[in-house]
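To keep things clear, I will list the structure first and then write my remarks on it.
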Amino acid sequence: MNAFRFLGDMTHLFSVLVLLLKIYATKSCSGVSRKTQELYMVVFVARYMDLFTDYISLYNSVMKVVFITSSAAIVWCMRRHPQVRRTYDRDQDTFRHVVLVAASFVLALIFNERFTFREICWAFSIYLEAVAILPQLVLLQRSRNVDNLTGQYVLFLGAYRAFYILNWIYRYFTEGHTSRWIPWIAGLVQTALYADFFYYYFLSWKNNVKLELPA
Amino acid sequence: DSYAEKKDEL
């Protein structure tokens, strides 16, 4: 474990807590893409299957349980909670996220570390995570008013994988030069997708104005 | 086993 990775995990955890706070405190999920939350739930289930087979550390196992249960809780809230589900922007959250799932799965069948069920699921989860934010970014561009908590949620979510990239660089130079193309390339794509959001978020912060993404 | 085998990252 190195500082970059720990910072990344904490930023990731924080993004989930911010989203849970927003939904719980305001009893509203306006501006939040349910499709992105569903994709993240698939990412965590597909990647953390080894939760019951390989024990790596208490930290590792606890964080996996937290990510799976929190993403499931958010999806449940947006689908079933009587007050929250009413505030879901159904007609704005129109990204065809099934395409992302299919494309990631095909990619995982072609590019994986070993053609085994677990490795293909792992690669699938890495590819899917890289693009899972797309429905949320599209929704942000559509819903003009981005409330602070939703903006902070996306900001922390983008920052977490950026910290992971620093972690991979650090590990490459300190733990023997093993190349891990799959997470590296996917992580770069994932962080690049946030580039324009980071840019407009920074502008809104600098000029102290509401965050507005250009359509 | 090698790092690549053991997925120790989240």
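Every number in this text was worked out from the coordinates using simple rules, so none of it is lab data. Bear in mind the structure is a predicted one, so any value in this text is a computation, not a measurement. Positions of Cβ are generated from backbone atoms using ideal geometry, with glycine treated the same way; all protein chains shown enter the neighbour counts.
Kirkwood hydrodynamic radius for segment A:32-153: how many Å is it when counted over pairs of different Cα atoms?
Taking every pair of different Cα atoms in segment A:32-153, averaging 1/r and inverting gives 15.6 Å.
Where does each of A:Tyr194, A:Tyr164, A:Tyr127 land when they are ranked from fewest to most other beta-carbon atoms within 10 angstrom?
A:Tyr194, A:Tyr164, A:Tyr127
Which residue fluctuates the most in chain A, going by a Gaussian network model with Cα springs under 10 Å, if the choices are A:Phe52, A:Phe105, A:Phe14?
For chain A, modelled as a Gaussian network with Cα springs under 10 Å, the answer is A:Phe52.
Hand me the trypsin sites (Lys or Arg not before Pro) from segment A:106-157 located in a DSSP loop with no more than 12 other Cβ atoms within 10 Å, in residue order please.
Those that pass, being in a loop and sparsely packed, are A:Arg114, A:Arg144.
Please work out the Cα center distance from segment A:1-79 to segment A:178-195, rounded to the nearest Å.
Here the two parts' Cα centres lie 19 Å apart.
Under 26 Å Cα-Cα from A:Lys206, which lysines qualify once same-chain neighbours fewer than 8 residues away are excluded?
By straight Cα distance, A:Lys206 reaches A:Lys22.
Quick check: convex hull of the Cα atoms in segment A:1-90, volume per residue, rounded to a whole Å³?
Per-residue hull volume (Cα only) is 96 Å³.
For a quick check, take a GNM of chain A with Cα springs below 10 Å and name the residue from A:Asp93, A:Asp54, A:Asp147 with the largest mean-square fluctuation.
Its mean-square fluctuation being the largest, the pick is A:Asp54.
Quick one: the Cα spread of segment A:98-198 along its three principal axes, in angstroms, biggest first?
In descending order, the Cα extents are 45, 34, 17 Å.
How would A:Met1, A:Met78, A:Met63 line up from fewest to most surrounding beta-carbon atoms within 10 angstrom?
So the residues, fewest neighbours to most, are A:Met1, A:Met63, A:Met78.
May I ask for the equivalent-ellipsoid semi-axes of chain A, computed as the square root of five times each C-alpha gyration tensor eigenvalue and listed largest first in whole Å?
28, 20, 17
From the helices alone, meaning DSSP H stretches of at least four residues, give me the mean residue ellipticity at 222 nm for chain A, per-run term -39500 (n - 2.57), in deg cm²/dmol to the nearest 500.
So the helix-based figure for chain A works out to -23500 deg cm²/dmol.
List the pairs from A:Lys64/A:Lys210; A:Lys27/B:Lys7; A:Lys35/B:Lys7 whose alpha-carbon separation is above 31 Å, in the order I gave them.
Result: A:Lys64/A:Lys210; A:Lys27/B:Lys7 exceed 31 Å.
Relative contact order, percent, of chain A when contacts are C-alpha pairs under 8 Å separated by at least 6 residues?
Rounded, it is 31 percent for chain A.
Among A:Asn145, A:Asn60, A:Asn167, whose mean-square fluctuation peaks in a Gaussian network model of chain A (Cα, cutoff 10 Å)?
Ranking A:Asn145, A:Asn60, A:Asn167 by mean-square fluctuation puts A:Asn60 first.
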